[in-house]
Amino acid sequence: MPLSRRTYEIAACLVALAMLAAMLALLAQAKGLLLANGQPLFGDFITFWSAGRAAIEGDAALVHDRAFLFTLHEQAVPGVQFVGPWNSPPQFLLIVALFGTMPYPVAGIVFLAATGALYIYAAHKLLPDTRALIFAVTAPAALYHLGTVQSGLHIAGISALALYWLDARPRLAGGLVALLAIKPHLAIVWPLMLALTGRWRAFGVATLGSIAFAVIAGWAFGFDAYVRFFENLSASQGLISGQHVATPAYASLYASALGLGLPQAAAIAMQALSATGALIAAIICFRSGERTTQGAALCAATLLVSPYLFFYDFTLLAVGAALLGAPRDRFETIAAVFAWGAGLSLALGYIAPLPLCPLAAWLVLAAALKRAGSAAPRPAPEPHT
C-alpha cells in the first residue's frame, strides 16, 4: 500500500527537526562566533566575507592566498581554526564584496535571509501548491545552509526562476542564466539546453549578459583576476584528489569513488562514463520533452557532469524534482524521495561513503527521460529570426 502524502510530510518534518536539534546542540557550545570544534558560526560564509573584505580593501589580488585569507578569518572570528579557500571566479567576488562592507555576523544573517527568501520564492513558483513548500524547506541540502551559509540556495533559486520564466519571459530567464557565472560549473549544461530547444532569445541574452558580467568584474578587479582564478583551479582539484577535506562533504561520483578507496584512475573513468551518459540522456529530454521535463533533466545532468560538487549543491536537485511535479508512479516517488534527501549524504557518508547524491541525480534524470519517452513527439523548434 503506497504511503500517503501526509506520511511523507511528517517524515520530512521529523528529519528536519533532528537536524535542527543537532545544529542547536553545536550552537549551545559556542563561545561568541566560535563553535566548540574551532569552526566559525555561519561556516563557509567566512570565506565569502573574507574574500569580499579583501576586495573592498584593495587586496583582490590576494583572495587565493590562503594565509592572507586566514588573517581575515581571524578578524571576523578570533580563535577560528578553519581556513576556507576562495575558489570562485571574479564575478562572484563582485557579489560578495557587497557583504564585505558589513560586520561579519550581520553579513551572514543578511546573506542567509536573502538567499533563503530567493529559494522559497522560486520554490513557491514551481511547486503545485503551498503545502508542498514543506518539502522545499525541509530538504536537508537546503536546511544545512543554516549551519554552513553557502551558495546552494541562491544557485537553486536563480536556476528555478530561469526555468520558470524560460518561455513566458525568455529575456529575463537569459539574464538569470548569466548570473550563474558566479558558479560556472553549475551552468555548463545551460547553453546546450537553450541551443537544442531553439530558445535563441534566452540564449542571446545569457551570452551577452555573461560577457557583460565578466567585463564588469574584470574592470573592478583587473582582468588578471581571471588568470589567478584559472591558476587556482589546480589547487581546487587537489583538494578532492588528495581528500584534504572530509570526503562526505564532496558529492560527485568522482569524490564518492575516492571515498570508497578506489584508485584515482578508476574514479575518473566512472565520473567520465556517468557524465557522458547523463549528457546523452539530457539531450534526449531536451529534444523530446516539455519545459518541465527539460528543466528536470538540466538540473540532474548538471549535478552529474561536474566532478567538483558539495552536498549543498544538491539543493538544485530539489528544483529538478519540483519541476516534475507530483510523482505519477512508484519509481517517480522513489526519485522524489532521493532528490529530497540527497543532502543527507553529509551525515551518512561518515557511516558509509556511498554515492547517494549521484544516485539521486540519476533517479531524477531517469524519471525525466521516462516522461520524455512517454510524451507525444513534437517537431524541432523553428529558428528564431
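Read-outs: derived from the displayed coordinates by stated rules, not from any lab. Source: prediction; values computed, not measured. Positions of Cβ are generated from backbone atoms using ideal geometry, with glycine treated the same way; all protein chains shown enter the neighbour counts.
Things to note:
- Couplings 3J(HN,Hα) for the stretch 219-233, derived from phi with the Karplus relation 6.51 cos²θ - 1.76 cosθ + 1.60 (θ = phi - 60°), are 5, 6, 10, x, 6, 5, 4, 6, 4, 5, 4, 5, 5, 6, 4 Hz, where x marks Gly and Pro.
- For the stretch 80-97, putting each phi into the Karplus relation 6.51 cos²θ - 1.76 cosθ + 1.60 with θ = phi - 60° gives couplings of 4, 10, 10, 10, x, x, 8, 10, 9, x, x, 4, 6, 4, 4, 6, 6, 4 Hz, in residue order, rounded to whole numbers and with x for Gly and Pro.
- The stretch 64-80 versus the stretch 131-192: alpha-carbon centroid distance in Å: 29
- In angstrom, the C-alpha Rg and Dmax of the stretch 24-132 are 15.7, 48.
- Under the criterion of Cα pairs below 8 Å and six or more residues apart, the relative contact order for the stretch 85-224 equals 26 percent.
- Here the 3J(HN,Hα) profile of the stretch 10-15, calculated from phi with Karplus coefficients 6.51, -1.76 and 1.60 at θ = phi - 60°, is 5, 4, 4, 5, 5, 4 Hz, Gly and Pro shown as x.
- Across all Cα atoms of the stretch 142-250, the radius of gyration (one decimal) and Dmax (whole number) stand at 16.2, 46 Å.
- Residue-span extension gain [LEU196 to LEU133] - 0.36 nm each, minus C-alpha spacing: 19.5 nm
- Scoring 272-279, 288-295 by mean Cβ neighbours within 10 Å over their residues and listing the highest first yields 288-295, 272-279.
- Calculated P(r) tail over 14 Å for the stretch 309-355, as whole % of Cα pairs: 52
- The calculated FRET efficiency for the pair ILE216 and ILE120, based on their C-beta separation and a Förster distance of 35 Å, comes to about 0.75.
- Cα pair distances of the stretch 5-374 binned at 10 Å [whole percent]: 5, 24, 35, 27, 9, 1
- Summing Cβ point charges (Lys, Arg +1; Asp, Glu -1) relative to the Cα centre of the chain gives a dipole of roughly 960 debye.
- The chain - percent relative contact order, Cα under 8 Å, separation 6 or more: 17
- Summarising the overall dimensions of the stretch 82-179 from its C-alpha atoms, the Rg and Dmax are 14.7, 45 angstrom.
- Two-site FRET efficiency, ALA61 against LEU208, from Cβ-Cβ distance with R₀ of 45 Å, rounded to 0.05: 0.95
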